[in-house]
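To start, I am sharing the structure in question, which I have written as structure tokens.
Values quoted throughout were computed directly from the atomic coordinates according to the rules given, and no laboratory measurement underlies them. Everything numeric in this text was worked out from a predicted model, so none of it was measured. Because the Cβ atoms are built from the backbone with ideal geometry, glycine has one as well, and the counts that use them run over all protein chains shown.
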Amino acid sequence: MTPISRRGFLAGSAAAAAATSLEAFGFSEAEAAVAAAVKPFHLTNTTETRNTCTYCSVACGIIVYAKGDRRKGEKADIVHIEGDADHPTNRGTLCPKGAALRDIVKSETRLTQPMVRRPGSDRFEPISWDSALDKIARALKDDRDANFIEKNEAGITVNRWLTTGFLAASATTNETAYATYKVVRSTGILAFDNQARV
Amino acid sequence: MNGYLVSEVVDPANPSRMTLQQGKQLSGFGEYRDDGGVVGGCWVYSGSFTEAGNMMARRDNSDPDGAGMYLNWTFAWPANRRIIYNRASCDLDGKPWDASRKLLEWDGAKWTGYDVPDISPTAKPRDVGPFILNAEGVGRLFARQLLRDGPFPSHYEPFESPVANLVAPKVRGNPVARVFEDDWKQLADIGSADFPYAATTYRLTEHFHYWTKNNHVNSVLQPESFVEISVELAEEKGIAKGDWVRVWSKRGGLFAKAVVTKRIKPMLCDGRIVHVVGVPIHWGFVGAARKGFPANVLTPFVGDANMETPEFKAFMVNIEASTGPVA
Amino acid sequence: MTNPWTDIKNTDLVVIMGGNAAEAHPCGFKWVTEAKANRGAKLIVVDPRFTRSASVADYYAPIRQGTDIAFLLGVINYCIANDKVQWDYTRAFTNASYLVQEGFEYEDGLFTGYDESKRDYDRSTWEYQIGPDGYAVVDETLQHPRCVWSLLKAHVAAYTPELVERICGTPKDKFLTVARMISETSSPAKAMTSMYALGWTQHSKGAQNIRTMAMLQLILGNIGVRGGGMNALRGHSNIQGLTDIGLMSNMLPGYMNLPLDGETTFNRYMSTRAFKPLRPGQTSYWQNYRKFFVSFMRAMYGAAARADNDWAFDYLPKLDVANYDILRAFELMQKGKMNLYFCQGFNPMQAFPNRAKLVEGLSKLKMLVVMDPLQTETARFWENHGVYNEVNTVEIETEVLQLPTTCFAEDEGSLVNSGRWMQWHWPGGSPPGSARTDTWIMAQIFVRLRELYRKEGGAFPDPILNLYWPYADAEEPTPEELTKDERLPRLRGGRSR
């Protein structure tokens, strides 16, 4: 082991206190220096949350580690994701996709604000949530009013709407799926589908 | 979605609002009612969130006798049943077919064992059939009118195929699958010399559909699109490992690197050699990976006769050595 | 899946055909490894490619893609010819003994009733003979020429090992080895599990691919037992849940379905769905169809669903065709018949077939709304990327709204896995920027649309105005409120209770 000059290395960092107390327990100067050089464990002071891998339907249990606690109303920044060793199916293991989950959460191509691309334009522009949602509601209302079919040619009540379609997700929760179902079905949309077919 | 018991009183001042009095979450779909007394959006989920709490949040991973059922880990629909049709694990008298692999057993008065019985717990063994999703109570070798393309399966070739159907030479594809008029024109003829190779699409273990190309780690592991061909086809077409190739179908084409592999071998089908071209699906023009072509520039617009799932796994292409895309 | 992932350890034989679990479902495949290591189970892989699943298999056989039915009918033929059938199970637990109507036949690849101009069958003869007591007629000896077993034997007889080799390209000796290994599980003391995925579904006869294996598993007595089953390895984390909740063009939650045009009243609708037992004393989930339907309509329309208006039956749209599936939706789009389209966490420009047709369709929309945590090609279909997306941007008039959503790590709720486990999860992190949950977005759209209908009236506003929406904050229901169909008191931070 290469001796390290403890004095030169520590220079008053928080680790100094730890190193000093190690010395008090009888560690040699070199050992204390090595201990002090070890980066503090990066999951110290993180909140742990149980979650499920977002990819395939094996549904491996995962633990999400974050700085900050959402349950206390704090902003929580995810620093690490690993397999849940208590989970009966995966028992802590993850595949190459699951092992890289943190990087999909932190992807540079995550969307962070609503955007609009206007007809003919070659770019997205920011738009407020309110404007985007009002635009959508207006477009739905106008298209539905113009194209809703109350009765078919035989005069039978059919109450369907065929000029708007909705493709639902495949990795949202049941609760989101249910809210989506209620909203979409109540409008009479029939072109309603999800990833199950592909 | 669990099911919620409501009073049948409607607020007369505001008929759009249901008066929810003294409601209770149901313990299972057996408590559903047809008189309007239950609000329940999805009966198969009944029992998942009861008055005893959120069954889906349970985290007891005990597994008595190592049976593999984990009955106290979250919740399984329907009714927390882990193996459906599990009554069929026993013989006619309710004895397990294989005692070393017992799942349920009739104890003379009720069904007991490692799973929630898929039958009334007190239904006598010979009284009720195990396949209770079916009106017969038995599994169907003959599917009656329930599938559009036949009560028995029959061999049909894909809509694009290197060979005609040997069992029924006049039948093209699945005879009842829906094909839109314009899409017929975009299907290669059976045995077409222009599209002689049988292509299929698939996924790689490092990527998830079109998501993980947004992930730096996965994009490093598999950065670039490729197609896989056999050593024999590569020799025939003058393609070396790592070369650019162009692959095209009657609907479009792509450029990719060639992976020449022994994992794919030509097959001999009725005297004709069939070469397979393998096309992983994962690339596009956004994300952290290199730009590339998704497999669906090639695939045909036709689906399963019952479910309309597209025929991504079997279609015809051609392939040639190439200098790669000109940006 | 009929069985959970963890049950695969109980098997004696794993057949991976129409899938590649070692690469696509690695942590589930671990249970195959457990069965091999601890029980001496064998693994067979049948695939056009020598996949990583094949590389750890005990036996691999090649097959030309799209010919799985011929292969499996060949295996059924082998089992019948070699008396490798679990007879007690087949007699008692399948419809082998049921008599089929006179008139049903199969010839030259077609069943009775084919109409080429409609590309459809008149299926009326595809039924059992019904006796005077109203039940199906059976012959427990399996000798009657019209019993299902006799018809099945005749149907599969053509699929000899020689024919399988000619169709599938699987050498005869390899086919016979696979058939023999599978047939051994006809013993009541042996179980086989079938693990399949998109390699069976993504075909023009996908449902029949799976059915053929299900039939084989039935005659071997491998359904309902530990280590057995038909196990669909589903691809997305909650694709099972979205299917259960019926987010498909023709479905209602819980595997009920929408009415067709001809089903003008609730009673008419029920007349074809009410459960009629085909054997004495048989029970079924579906004897409760009316209860499930009424309770669903109460969850949809609350007090507006009443006995005296057929539980708001007319609020449901009626289908004039079997499906408005994704292919039909893009066909309509390409023909200029679709104006608005929503993609929630879905990238159809990559995921659906014939991309050229898809881009043509998207270019004809008035508005495309994309909700996603990530950038997608679909949201940017109008961007020119040279050879990778050769489009004329200025000519594309579609307005695109791209809405940022949370991802799995930032939301709460349940997901259903392949084995039907409903697992609740909690949010571990805060969403980036102003990303919001999909539930919030859907609630916002709904509340605004409802408000427009309240103010302006319009086409049949009743189902929108009366949608049951009891949540404490109409603009953001909590997951617990949604799953319980209840209004719940809120805690700080918006969480229920």
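I'd like to know which of B:Asn218, B:Gly252, B:Val317 lies farthest towards the positive end of the charge dipole of the range B:181-322, counting +1 on Cβ of Lys and Arg and -1 on Cβ of Asp and Glu.
B:Asn218
With contacts defined as alpha carbon pairs under 8 Å and 6 or more residues apart, what's the relative contact order of the range C:1-49 in percent? The partial results should precede the final answer.
Working: 53 pairs, mean separation 24.4, N = 49.
Normalised by residue count, the contact order of the range C:1-49 is 50 percent.
Lys/Arg Cβ at +1, Asp/Glu Cβ at -1, dipole of the range B:181-322 taken about the Cα centre: which of B:Thr299, B:Ala289, B:Ile229 is farthest positive-ward?
With unit charges placed on the Cβ atoms, the residue in question is B:Ala289.
How far is helix A:174-187 tilted, in degrees, relative to the longest principal axis of the Cα atoms in chain A, given as a value from 0 to 90 rounded to the nearest 10?
20 degrees
Let me ask something else. For chain A, which longest stretch is free of loop sites, where a loop site is one of the chymotrypsin sites (Phe, Trp or Tyr not before Pro) that DSSP puts outside H, G, I, E and B and that has at most 11 other Cβ atoms within 10 Å?
A:42-198
Helix hunt in chain C: which complete DSSP H runs extend at least 15 Å axially by C-alpha with mean Kyte-Doolittle at least 0.5?
On the way: long enough: C:26-39 (19 Å, -0.70); C:68-81 (19 Å, 1.82); C:172-183 (16 Å, 0.14); C:206-219 (21 Å, 0.56); C:289-301 (18 Å, 0.15); C:438-456 (27 Å, -0.37).
TM-like helix candidates: C:68-81, C:206-219.
Whole-Hz Karplus ³J(HN,Hα) for the range A:70-83, in order, using 6.51 cos²θ - 1.76 cosθ + 1.60 and θ = phi - 60°, x for Gly and Pro?
Karplus-based 3J(HN,Hα) across the range A:70-83 equals 4, 5, 9, x, 7, 6, 10, 10, 6, 10, 6, 9, 9, x Hz.
Ok, one more. Which of the residue pairs B:Lys170/C:Lys174; A:Lys141/A:Lys182; B:Lys124/C:Lys276; A:Lys97/B:Lys257; A:Lys106/C:Lys364; B:Lys313/C:Lys36 have a Cα-Cα distance greater than 25 Å in the structure shown?
Working: B:Lys170/C:Lys174 29 Å; A:Lys141/A:Lys182 17 Å; B:Lys124/C:Lys276 21 Å; A:Lys97/B:Lys257 23 Å; A:Lys106/C:Lys364 34 Å; B:Lys313/C:Lys36 29 Å.
Violating the 25 Å Cα-Cα cut-off are B:Lys170/C:Lys174; A:Lys106/C:Lys364; B:Lys313/C:Lys36.
A further question on this structure: Which FRET efficiency value, to the nearest 0.05, do you get for C:Ser55 and B:Thr112 by plugging their Cβ-Cβ distance into 1/(1 + (r/R0)^6) with R0 = 35 Å? Could the numbers behind the result be given before it?
Numbers: r = 42 Å, r/R0 = 1.21.
So, using R0 = 35 Å, E works out to roughly 0.25.
Show me the trypsin sites (Lys or Arg not before Pro) within the range C:87-175 that DSSP assigns to loop and that have at most 12 other Cβ atoms within 10 Å of their Cβ. Can you show the working numbers first?
Values: sites: C:Arg91, C:Lys118, C:Arg119, C:Arg123, C:Arg146, C:Lys153, C:Arg166, C:Lys172, C:Lys174; in loops: C:Lys118, C:Arg119, C:Arg123, C:Arg146.
Filter output for the range C:87-175: C:Lys118.
Go through the range A:116-198 and name the trypsin sites (Lys or Arg not before Pro) that are in a DSSP coil and have 12 or fewer other Cβ atoms within 10 Å of their Cβ.
Details: sites: A:Arg117, A:Arg123, A:Lys135, A:Arg138, A:Lys141, A:Arg144, A:Lys151, A:Arg160, A:Lys182, A:Arg185, A:Arg197; in loops: A:Arg123.
Sites meeting the loop and neighbour criteria: A:Arg123.
Which is farthest toward the positive dipole end of chain A among A:Gly188, A:Leu167, A:Ser107, measuring Cα position about the Cα centre, with Cβ charges +1 (Lys, Arg) and -1 (Asp, Glu)?
Farthest along the dipole direction, towards plus: A:Gly188.
Here's something else I'd like to know. Could you grab the relative contact order for the range C:259-336? Cα pairs under 8 Å, six or more apart, rounded to a whole percent. Before the final figure, lay out the partial values.
On the way: 46 pairs, mean separation 26.3, N = 78.
Averaging sequence separation for qualifying contacts and normalising by length gives 34 percent for the range C:259-336.
Just for the protein assembly as shown, what percent of DSSP beta bridges are antiparallel, to the closest 5? All intermediate terms of the calculation are to be shown ahead of the outcome.
Details: 69 of 116 bridges.
Taking every DSSP beta bridge within the protein assembly as shown, about 60 percent pair in antiparallel fashion.
Let me ask something else about it. Please tell me the relative contact order of chain C in percent, rounded to the nearest whole number, where contacts are Cα pairs under 8 Å and at least six residues apart.
Working: 791 pairs, mean separation 62.5, N = 497.
Result for chain C is 13 percent.
When B:Ser192, C:Ser284, C:Ser237 are ordered from fewest to most other Cβ atoms inside 10 Å of their Cβ, what list results? Present the calculation step by step, with values, prior to reporting the outcome.
On the way: B:Ser192 15, C:Ser284 20, C:Ser237 29.
Least to most surrounded, the residues fall as B:Ser192, C:Ser284, C:Ser237.
Determine the shape class of the range C:117-180: with a ≥ b ≥ c the square roots of the Cα gyration tensor eigenvalues, call it rounded for a/c under 1.5, and otherwise prolate if a/b is greater than b/c, oblate otherwise.
Working: a/c = 4.27, a/b = 1.72, b/c = 2.48.
The shape class here is oblate.
Okay, next question. Which value at 222 nm does the protein assembly as shown reach when only helices count, each DSSP H run of 4 or more adding -39,500 (n - 2.57), with the total divided by all residues and rounded to the nearest 500 deg cm²/dmol? Don't skip to the end; give the middle numbers.
Details: 28 runs with 245 residues, N = 1022.
Helix contribution divided over all residues of the protein assembly as shown: -6500 deg cm²/dmol.
Can you list, bin by bin at 10 Å, the percent of alpha carbon pairs in the range C:147-239, starting at 0?
14, 37, 41, 8, 0
Place a +1 charge on the Cβ of each Lys and Arg in the range A:47-105 and a -1 charge on the Cβ of each Asp and Glu, then give the dipole magnitude about the Cα centre in debye, rounded to the nearest 20.
On the way: 9 positive and 8 negative charges, 28 e Å.
That gives the range A:47-105 a dipole magnitude of about 140 debye.
Place a +1 charge on the Cβ of each Lys and Arg in chain C and a -1 charge on the Cβ of each Asp and Glu, then give the dipole magnitude about the Cα centre in debye, rounded to the nearest 20. Write down the numbers at each step before the final one.
Numbers: 53 positive and 56 negative charges, 205 e Å.
Here the size comes out at about 980 debye.
In a shell of Cβ-Cβ distance under 12 Å around B:Ile229, excluding B:Ile229 itself, what net charge do Lys and Arg (+1) and Asp and Glu (-1) give?
Combined, the nearby Lys, Arg, Asp and Glu give +1.
Cα gyration tensor of chain C, axes a ≥ b ≥ c as square roots of the eigenvalues: rounded (a/c below 1.5), prolate (a/b > b/c) or oblate?
On the way: a/c = 1.71, a/b = 1.43, b/c = 1.19.
Prolate, since a/c reaches 1.5 and a/b exceeds b/c.
Taking a ≥ b ≥ c as the square roots of the Cα gyration tensor eigenvalues, with a/c under 1.5 meaning rounded and otherwise prolate when a/b beats b/c, else oblate, which class fits the protein assembly as shown? Can you show the working numbers first?
On the way: a/c = 1.22, a/b = 1.12, b/c = 1.09.
Here the protein assembly as shown falls in the rounded category.
In what order do C:Met230, C:Met195 fall by count of nearby beta-carbon atoms within 10 Å, going from fewest to most?
On the way: C:Met230 22, C:Met195 30.
If I rank by nearby Cβ atoms, fewest first, I get C:Met230, C:Met195.
Kindly put B:His216, A:His42 in sequence by how many other C-beta atoms sit within 10 Å of each C-beta, fewest to most. Walk me through the numbers on the way to the answer.
On the way: B:His216 18, A:His42 11.
With the fewest neighbours first, B:His216, A:His42 line up as A:His42, B:His216.
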